[in-house]
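The values are calculated or read from the model by the stated rules, or taken from the named source; none is laboratory data. Everything numeric here is computed off the predicted structure, so don't read it as measured data. Cβ atoms come from the backbone with ideal geometry, glycine included; neighbour counts cover every protein chain shown. The area values use the complete protein model at the heavy-atom level, side chains included, leaving out ligands, DNA and RNA. Shrake-Rupley method; radii C 1.70, N 1.55, O 1.52, S 1.80 Å.
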Amino acid sequence: MLASLVTPAADLPCTYLSRSQQELHQVQACASLENGQPVLNSAVFDDLLFDEKEGGLAQIHVNKAWHWVRPDGHMQAVLTFDNGADPFSEGLTRGPGTQGVAYFDHNLQRVLDLPYAWGMPFQDGHALVCVDCVESVSAGEHRERVGDTWGVIDRAGKVVVAPELSLQDALSRLDLLP
């Protein structure tokens, strides 16, 4: 999604890493919705901290989701991880897909759109995926995904270990992969 930059009718609050303040900053009137997508006001966009360690992207929480933002204004909603946007692992971040979880590259282009309810970050070219995971709240504010049907995919989305195992068994199989 290309973020249009506007000033009028910005009524959505947001939280973002501020270039001017070098910390998280909250703004009450940060963005508006256009065709269901957040549209940042230009003052907020100009204050986003674009981080070279994150591929030159900035992160912002608006419309109930964290987003990665490119310097040209293109935004992509991603999963929340540790009170921020899902970090990139092996060049990919996770976000909502058309049927489940999707993986996006640093250009915020969808490279995998999968039918799984959940996917873990890639490590050594593989990721755990879960067919029936649901969100569970544990230990206060932290959330985890629990489910009974796990498997492993490769960077192309190809099934390496069929999603029919418990999490522990899938982790054991993952450890055995080259």
Can you sort GLU54, GLU34, GLU164 by 1.4 Å-probe accessible area, starting with the largest? GLU164, GLU34, GLU54
State in Å² the accessible area per residue of the range 32-119; use a 1.4 Å probe, count heavy atoms of protein chains only, and round to the nearest integer. 44
How many angstrom lie between the Cα centre of the range 154-178 and the Cα centre of the range 37-56? 36
If R0 is 30 Å, what FRET efficiency do you get for LEU177 and ASP46 from their C-beta distance, rounded to 0.05? 0.10
Surface/4 estimate of mean projected area, convex hull on alpha-carbon atoms of the chain, nm²: 10.9
Net charge near ALA170: determine it from the other residues with C-beta under 12 Å of the C-beta of ALA170, scoring Lys and Arg +1 and Asp and Glu -1. -3
Along principal axes, Cα extents of the range 105-171, largest first, whole Å: 34, 28, 21
Would you mind calculating the gained length between GLN99 and GLU164 on full extension (0.36 nm times residue separation, minus the Cα-Cα distance), in nm to one decimal? 21.5 nm
Which value in deg cm²/dmol, rounded to the nearest 500, describes the helix-derived mean residue ellipticity at 222 nm for the chain, given -39,500 (n - 2.57) per DSSP H run of n ≥ 4 and division by the residue count? -2500 deg cm²/dmol
Which value in Å does the Kirkwood hydrodynamic radius of the range 49-149 take, with 1/r averaged over all unlike C-alpha pairs and then inverted? 14.1
